[in-house]
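Asks: Sharing a structure, written as structure tokens. Questions coming.
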Amino acid sequence: MPEKLTSRNLLNQLQTRHYTNAYAAKIKGQLVGWATSIFPQEFCETMDLTVVYPENHAAAVAAKRGALPLLEQAESEGYSMDLCSYARINLAYMKSQAAEIPIPLPDFILCCNNICNTLIKWYENIAAELNIPMILIDVPYNHGYEPTPAAIDYIKSEFGECIRQLEKITGRPFNHEGFRKVMILSNENSRAWKRVLDLNQAVPAPLNGFELFNYMSQMVCARGRQETGELLKLLIEELEEKIKLGKSCYEDGEKCRVMWDGIACWPHIKHNFKAFAKNGINIVCSSYPEAWVLLYEPGNLDELAKVYSMIGNNTCMEYQADKREREVKNFKLDGILFHVNRSCKVMDFMQYEQQRLVAARTGVSIMNFDGDQADPRNFAAAQFETRLEALKEIVAHHKSAKKSKEVTNNDPA
Amino acid sequence: MTQLKELMSALDNAAKHPAQVINKCLEEKRLMIGCAPEYCPEEIVYAAGMLPVGLWGGLTSIKNANQYFPAFACSLVQTTLELGMRGVYDGLAGVIVPAHCDHLKCFGQDWKVAVPQVRFIPLAHPINRKLEAAVEYLKSEYSRIKSVLEEIGGQPISDQALSEAIEIYNDHRKTLREFTLIARDYCTTITPSLRHNVIKSGYFMDKLEHTQLVNGLIEELKKAPPEAWQGKRVVLTGIMAEPNEILDMFEDYGLAVVDDDLAQESRQFRTDVPQGTDPLEGLARYWSCMEGCSLLYDPQKNRRFMLKRMAEESRADGVVACIMKFCEMEEFDYPIYKKTLEEAKIPLLYLELDLVTPSLEQVRTRIQSFAEMISRKR
């Protein structure tokens, strides 16, 4: 009897296929693009273009412990050690193509700075070094709560320019009816992804955060595709079944529910997972995977512009604090572990104030640790473990203080 | 000669002691608006009758700003926030903060909380700046800033006042361009440090007054024949060449600054604001016309060719990359122009600069070695 296909197996198949298909396309002489992880993929999906995602690739390289030689190569070419490690890995890979998981070199690149402005500098260097066209969709930083009407108009104009450039690069016209279909499918997948994330509001949570990071890669690479919908459907069924049975993702139960704030520490992900499991702490949500919930009315370009502009990193202090406050409440969080990620300045430089704001509003326990998304040198296992234990102790202390307060309040004497 | 010395001293003093200039402004009850790096529409502030004051950090230790920034934020934002938190900028009626890079985006948001007594006036430039829609969008940003300044000043800003401010600023730009050209011929009198201070003093003075002083300086310089320079000639590139001590080191080792590609210096004045019927549109279009800065979208990296040309035209013996530590915008450009300059056989020195914990002796060794290296070369 054939083994039942699990969502994890299907994810592995789809991710392998994503990379092998990209290589096959290149060999066949088809155009291949590189894109930033939250580029409006609706445009390239409509054009049926093969696109790979360097951030996803760099994370995979780092998780397989292949980052260090590439980081050192980039540094030898003059890139500072202080620069984003994803960028250093990718810029070195572009020259040497030395990685366990190969990706084809691009014929064009697609950049949207809704995560950070570092991406623009990184992609400029790719465009200049390979002498290939770069399409930029700039979403101005939202210093107010949401984009101004003028910013929306500007972004929409960039959409038009993006279409014009894609038509020029491919020599094919843009299919507006197909565009609509891609938007519908992308929204269905985003809704399903949101459902996956929300199912983790259950106590105990059915999925641990490290698995969330893995499934997320499918939303990065193919959120406008049919097969992503199939994967998410299967995952939702599995999670609903676990919830029905009251199953935790840890065998001995879930002692503490936290949010992982920031990107994963890919080179040390196994260590991090074990440290969490040892302490019975579960990551039930994260600011990171939620970024790929992109919901808008299909066909409404104002909404498309707005949703891509309002990625967490591109929003103001108040918006970010409101979002975290909602997550603390919805996911019944005991704590938040903040990753002070040496690579990701835009995530780090408002983090201290975010910690104060969210703690004051919700009373949630806060802890942070120093790490890096892909440079294994910027992480100390001992510090991480100590911080995690401290978080567990603070949460336990808060819980017991809360309990004794409740007892005192109910004491008829 | 006395006149020349007086002018040099006045400009040098203004750069070294901005508080004196600013106190004068406070006495005159003229409102001041801080302009954070790197590109602010100072003309709108000026048209409002206020004094735009450049905020480019300063050499100081961090005692408060670490509540907002980890140690790996660039020292420009760290020290500016530190000074703000210490109340140094309390005399300002507001501060305009552009969101050019990730550090500045966060700096503005942190300022709002950490320095609530000095009003935060945000600005987000369009990066796809060659599109016509970018001009429209930036005009809307400037229009918002104009309204904020009208509210602060309690009076409307007319188009005529804006056009006049643009003219005054363009005149100032032209004067500084002329100064940097003339300064090349008087490398003994115009030391690297003085050259920097002549330009920097403009951040704390009324542009009309500054233009007048610099023009006076140019006239006085021209009275003497060009000076023979026995040392070597360098071009500086980067955000800024501070702390000031490093410029004294250039002088110590016989290096003259013959041109610069610094955001704090020539990048501010090498392009003029286009004149037209709509002054706000002109200011917005200016952003589309500028070239060759790490903060300006440049997918062909034309900056590398501009830098090469600059070094050749100024007959420089080398280029010095003044890299503000943790400045990603400059750090990404460096490997690209390094390659171009190497191919052109133009010597290049990488200087990592920091306003918080400057390793000045290390910098000294590097400058000394570079000076020796280029002396042997040609």
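Asks: List the relative contact order of region B:1-53 as a percent without decimals, with contacts defined as Cα pairs under 8 Å and 6+ residues apart.
Replies: Details: 28 pairs, mean separation 14.8, N = 53.
Relative CO of region B:1-53 lands at 28 percent.
Asks: Working from Cα positions, state the angle (0 to 90°, nearest 10) between the long axis of helix B:279-289 and the longest principal axis of chain B.
Replies: Helix B:279-289 and the main axis of chain B meet at about 30 degrees.
Asks: How much accessible area is lost when chains A and B come together, counting both sides, with a 1.4 Å probe, in Å² rounded to the nearest 100? Walk me through the numbers on the way to the answer.
Replies: On the way: alone 18440 and 16070 Å², together 30160 Å².
Counting protein atoms only, the buried area is about 4300 Å².
Asks: Could you work out the relative contact order of region A:200-286? I mean the mean sequence separation of Cα pairs under 8 Å and 6+ apart, divided by the number of residues, in percent. Each step should come with its number before you reach the end.
Replies: Values: 84 pairs, mean separation 39.1, N = 87.
Over region A:200-286, the number comes to 45 percent.
Asks: Tell me, in nm to one decimal, what length is gained between B:Arg30 and B:Glu136 on full extension, where the rule is 0.36 nm per residue of separation less the Cα-Cα distance?
Replies: On the way: separation 106, 0.36 × 106 = 38.16 nm, distance 3.13 nm.
Answer, rounded to one decimal: 35.0 nm.
Asks: Mind listing P(r) for the protein assembly as shown? All alpha-carbon pairs, 20 Å bins, whole percents.
Replies: Final binned percentages: 15, 47, 30, 7, 0, 0.
Asks: Further question: With r as the distance between the Cβ atoms of B:Asp90 and B:Arg364 and R0 = 35 Å, compute the FRET efficiency 1/(1 + (r/R0)^6) and round to 0.05.
Replies: Values: r = 36 Å, r/R0 = 1.03.
Between B:Arg364 and B:Asp90 the formula returns 0.45.
Asks: Cross-link partners among aspartates and glutamates for B:Lys308, C-alpha distance below 15 Å, same-chain residues fewer than 8 apart left out?
Replies: Output for B:Lys308: B:Asp259, B:Asp260, B:Asp261, B:Glu291, B:Asp317, B:Asp333, B:Glu342, B:Glu343.
Asks: How large is the convex hull of the Cα atoms of chain B per residue, expressed in Å³ as a whole number? Display every interim value, and only then the final one.
Replies: On the way: hull volume 49.3 nm³, N = 378.
In chain B, the Cα convex hull volume per residue is 130 Å³.
Asks: For region A:323-413, max minus min Cα coordinate along each principal axis, in Å, sorted largest first?
Replies: 58, 29, 19
Asks: Another one. Solvent-accessible area of B:Glu136, probe 1.4 Å, all protein chains present, reported in Å² to the nearest ten, please.
Replies: The value for B:Glu136 is about 110 Å².
Asks: Next question, about the same structure. Can you give me the angle between helix B:2-16 and the longest principal axis of chain B, using Cα atoms only, in degrees from 0 to 90, rounded to the nearest 10?
Replies: Computed tilt is about 60 degrees.
Asks: So what J values fall out for region B:119-132 if you push phi through Karplus, 6.51 cos²θ - 1.76 cosθ + 1.60 with θ = phi - 60°, rounded to Hz, Gly and Pro as x?
Replies: Ordered by residue, 3J(HN,Hα) equals 4, 8, 10, x, 8, 10, 6, x, 8, 7, 7, 8, 7, 4 Hz.
Asks: Sticking with this structure for a sec: I need two numbers for region B:109-175: Rg to one decimal and Dmax as a whole number, Cα atoms only, in Å.
Replies: 14.9, 39
Asks: For chain A, compute the orientation-averaged projected area of the C-alpha convex hull (one quarter of its surface), in nm².
Replies: Working: hull surface 90.6 nm².
About 22.7 nm², averaged over all directions.
Asks: Out of the total accessible area of the protein assembly as shown (probe 1.4 Å, heavy atoms of protein only), what percent is carbon and sulfur?
Replies: Numbers: 15600 of 30160 Å².
Heavy-atom surface of the protein assembly as shown belonging to carbon and sulfur, 1.4 Å probe: 52 percent.
Asks: Can you give me the P(r) profile for region A:199-320? Cα pairs, bins 10 angstrom wide beginning at 0, each as a whole percent.
Replies: Computed distribution, short to long bins: 12, 36, 35, 15, 2.
Asks: A further question follows. Please report Rg over Rh for region A:303-359, where both radii come from the alpha carbon positions and Rh follows the Kirkwood definition. Present the calculation step by step, with values, prior to reporting the outcome.
Replies: On the way: Rg = 12.3 Å, Rh = 12.4 Å.
Over the Cα atoms of region A:303-359, Rg/Rh equals 0.99.
Asks: What is the distance, in nm, between label points placed 7 Å from the Cα along the Cα-to-Cβ direction at A:Ala277 and at B:Ala71?
Replies: Here the modelled spin labels are 3.4 nm apart.
Asks: Now a separate question. How large is log10 of I(q)/I(0) for region A:1-63 at q = 0.18, 0.29 Å⁻¹ when the intensity is taken from the Debye formula with one equal scatterer per alpha-carbon?
Replies: -0.78, -1.28
Asks: Something else: Over all directions, what mean area does the Cα convex hull of region A:105-185 project, stated in square nanometres? All intermediate terms of the calculation are to be shown ahead of the outcome.
Replies: Details: hull surface 27.3 nm².
Reported value for the Cα convex hull: 6.8 nm².
Asks: Over the Cα atoms of region B:204-309, what Rg and Dmax result, in angstrom?
Replies: Over region B:204-309's Cα set, Rg and Dmax evaluate to 17.0, 50 Å.
Asks: Another question about this same structure. Along Cα→Cβ, 7 Å out, is where each label goes; now give me the distance between the ones at B:Ala344 and A:Leu245 in nm to one decimal.
Replies: 6.8
Asks: A further question follows. Quick one: which bits of region A:348-377 get at least 30 Å² less accessible when the partner protein chains are in, versus the chain alone, with a 1.4 Å probe?
Replies: In region A:348-377, residues shielded by partner chains: A:Phe349, A:Met350, A:Tyr352, A:Glu353, A:Arg356.
Asks: For chain B, modelled as a GNM with alpha-carbon contacts under 10 angstrom, which of B:Ser61, B:Ser193, B:Ser201 fluctuates the most?
Replies: Maximum fluctuation in the GNM of chain B, among the listed residues, is at B:Ser61.
Asks: Here is a further query. Amide H to amide H, which residues 5 or more places from A:Ile137 or on other chains are under 5 Å from it, using H placed in the peptide plane?
Replies: A:Cys111, A:Cys112, A:Asn113
Asks: Please report, in whole Å³, the volume per residue of the convex hull around the C-alpha atoms of region B:1-96.
Replies: Numbers: hull volume 12.4 nm³, N = 96.
Dividing the Cα hull volume of region B:1-96 by its residue count gives 129 Å³.
Asks: How much accessible surface does B:Arg184 have with a 1.4 Å probe, in Å² rounded to 10?
Replies: 50
Asks: Further, regarding this structure: Over the residues of region B:47-122, compute the C-alpha Rg and express it relative to 2.2 N^0.38 Å.
Replies: Working it through for region B:47-122, the quotient is 1.04.
Asks: Return the Cα extents of region B:186-262 along principal axes one, two and three, sorted largest first, each rounded to a whole Å.
Replies: Taking max minus min along each principal axis of the Cα atoms, region B:186-262 gives 35, 32, 19 Å.
Asks: Could you give the length gained on full extension between B:Glu372 and B:Ser147, defined as 0.36 nm per residue of separation minus the Cα-Cα distance, in nm? Intermediate results must be reported in sequence, preceding the final value.
Replies: Values: separation 225, 0.36 × 225 = 81.00 nm, distance 5.46 nm.
Gain in length upon complete extension: 75.5 nm.
Asks: Please state, as a whole number in µm²/s, the translational diffusion coefficient that the Stokes-Einstein equation yields for region B:18-156 at 25 °C and 0.890 mPa s, with Rh defined as the Kirkwood radius across alpha carbon pairs.
Replies: After rounding, the answer is 158 µm²/s.
Asks: Then there's this: What do you get for Rg/Rh over region A:112-245 if you use C-alpha atoms and the Kirkwood form of Rh? Could you put the intermediate results ahead of the total?
Replies: Values: Rg = 18.8 Å, Rh = 17.9 Å.
A ratio of 1.05.
Asks: Per residue, how much accessible area does region A:18-79 show when a 1.4 Å probe rolls over the protein heavy atoms, in square angstrom?
Replies: Numbers: 2130 Å² over 62 residues.
On a per-residue basis, region A:18-79 sits at 34 Å².
Asks: Please list B:Lys16, A:Lys28, B:Lys338 from largest to smallest accessible area, probe radius 1.4 Å, with all protein chains kept in place. Before the final figure, lay out each step's value.
Replies: Details: B:Lys16 105, A:Lys28 155, B:Lys338 45 Å².
So the residues, ranked largest to smallest area, are A:Lys28, B:Lys16, B:Lys338.
Asks: Write down the radius of gyration of region A:7-175 and its Dmax, each obtained from C-alpha positions, in Å.
Replies: 16.6, 47
Asks: Just the accessible area for B:Glu251, please: 1.4 Å probe, Å², rounded to the nearest 10?
Replies: Using a 1.4 Å probe on the heavy atoms, I get roughly 90 Å².
Asks: May I pose another question? For an R0 of 30 angstrom, estimate the FRET efficiency from the Cβ-Cβ distance between B:Gln155 and A:Glu146 and round to the nearest 0.05. Walk me through the numbers before you get to the answer.
Replies: Numbers: r = 31 Å, r/R0 = 1.02.
With a Förster radius of 30 Å, E is 0.45.
Asks: For a quick check: with amide H placed at 1.01 Å from N, whose amide H comes under 5 Å from B:Gly94's, ignoring anything fewer than 5 positions away on the same chain?
Replies: Counting only residues 5 or more places away or on other chains, the set is B:Gly34, B:Arg119.
Asks: Shifting gears a bit: Specify the angular offset, from 0 to 90 degrees and rounded to the nearest 10, of the alpha carbon long axis of helix B:360-377 from the longest principal axis of the alpha carbons in chain B.
Replies: 50
Asks: Remind me, relative contact order of region A:7-175 in percent, using alpha carbon pairs under 8 angstrom and six or more residues apart? Don't skip to the answer; put the middle values down first.
Replies: Working: 196 pairs, mean separation 37.6, N = 169.
Relative contact order here is 22 percent.
Asks: Please compute the Kirkwood hydrodynamic radius of region B:238-378 from all pairs of different C-alpha atoms, in Å with one decimal. Display every interim value, and only then the final one.
Replies: On the way: mean 1/r = 0.0615 Å⁻¹.
Taking every pair of different Cα atoms in region B:238-378, averaging 1/r and inverting gives 16.3 Å.
The values are calculated or read from the model by the stated rules, or taken from the named source; none is laboratory data. The model shown is predicted, which means the values in this text are computed figures rather than measured ones. Positions of Cβ are backbone-derived with ideal geometry, glycine not excepted, and every protein chain shown enters the neighbour counts. For accessibility, only protein heavy atoms count, side chains too; no ligands or nucleic acids. Shrake-Rupley method; radii C 1.70, N 1.55, O 1.52, S 1.80 Å.
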